[in-house]
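Student: This is the structure, below, for whatever I ask next.
The values are calculated or read from the model by the stated rules, or taken from the named source; none is laboratory data. All of these numbers come straight from a predicted model, not from anything done at the bench. Positions of Cβ are backbone-derived with ideal geometry, glycine not excepted, and every protein chain shown enters the neighbour counts.
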Amino acid sequence: MRRIRSHLTYANVMVTLLAFVVLAGGTAYAANTVFSSDIVNGEVKNDDLAANAVGGAKIADRQVKNADLSIGASSSNTIADGGVQGIDVANDSLTPTDIADVRFMRANTAQLNDQPGGSAASATLFTVGQVSLLATCSASATNLVANLIAHTTEVGPVLVTDGEAAAADFVTPLHPESVDFLMGVNATESAEETSFAILDGDGTTASGVAAASVDPETGECVINAQAVG
């Protein structure tokens, strides 16, 4: 005992106490640490997570699938109504393929040329259901005329104009064998615009505006139409 005491110093005692604290503290830390290997697969439930605990940085890119989102009221594996908003879609990220089945604004312009005495030039601007909008430019020896014509291949569609067009505030049932003018303008009038609606027999509807102008000096017709449906 006397020999042991002779070797005890303040430094020795402090080192021994420090080692004890480190070992004891390390044991306590290990006992209160949960590693991935300590969790049974599939045992962390939604109730175990705090609200707003999982951020985007914790989710692997492109790993959230349709089935992982809220289920809509009418079908399974769909996004809940109103779940995706404009802010959720990156600018310029949607391609025509992504919105191929979405009805949206359609716009087109025909720039046609028919010199006096020539044969009529024509182009299809776009089709709404069973109705096609045709732009034509025709010329005679004395006049140049730009027309927008509604054409259908089936019985049933109806054309409604606002009164400025040739059909003058008229509801016109369209027929395959008829030529129905949505609007027309000649060199005397120079330019014209009108609004219209197409009520298709298959349930498709569209409304829009159209404008036409002619330039007798160049023999040029410019016809524009826009529609939302």
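Student: Of the numbered conditions (1) touching a Ser or Thr at 6+ places or on another chain (Cβ under 7 Å); (2) of a type outside the set (V, I, T); (3) closer than 24 Å to V155 by Cβ, E177 satisfies every one except a single condition; which is it?
Tutor: The single condition E177 does not satisfy is (1).
The rows are residues; the columns are (1) within 14 Å of A135 (Cβ to Cβ); (2) of a type in the set (V, I, T); (3) assigned by TED's automatic domain parsing to the domain that holds C137; (4) at pLDDT 85 or above.
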residue	(1), (2), (3), (4)
T172	no, yes, yes, no
D200	no, no, yes, no
A206	no, no, yes, no
A212	yes, no, yes, yes
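Student: Do we have any residue at all in region 59-66 that's surrounded by 10 or more Cβ atoms within 10 Å (Cβ to Cβ), within 30 Å of G208 (Cα to Cα) and modelled with pLDDT under 75?
Tutor: No, because not a single residue in region 59-66 is surrounded by 10 or more Cβ atoms within 10 Å (Cβ to Cβ), within 30 Å of G208 (Cα to Cα) and modelled with pLDDT under 75.
Student: G219 passes all but one of (1) buried (at least 16 other Cβ atoms within 10 Å of the Cβ); (2) small (G, A, S); (3) at negative phi; which number fails?
Tutor: The single condition G219 does not satisfy is (3).
Student: I need every pair where a residue in region 154-167 that is closer than 10 Å to T194 by Cα has its Cβ under 6 Å from the Cβ of a residue that is modelled with pLDDT under 55, sequence separation at least 6 or different chains.
Tutor: Between residues of region 154-167 that are closer than 10 Å to T194 by Cα and residues that are modelled with pLDDT under 55, the close pairs are T161/A167; G163/D169.
Student: What pairs come up if the first residue lies in region 204-215 and is closer than 12 Å to N186 by Cβ, the second is among the charged types (D, E, K, R), and their beta carbons are under 6 Å apart, counting only those six or more places apart or on different chains?
Tutor: A212/E192
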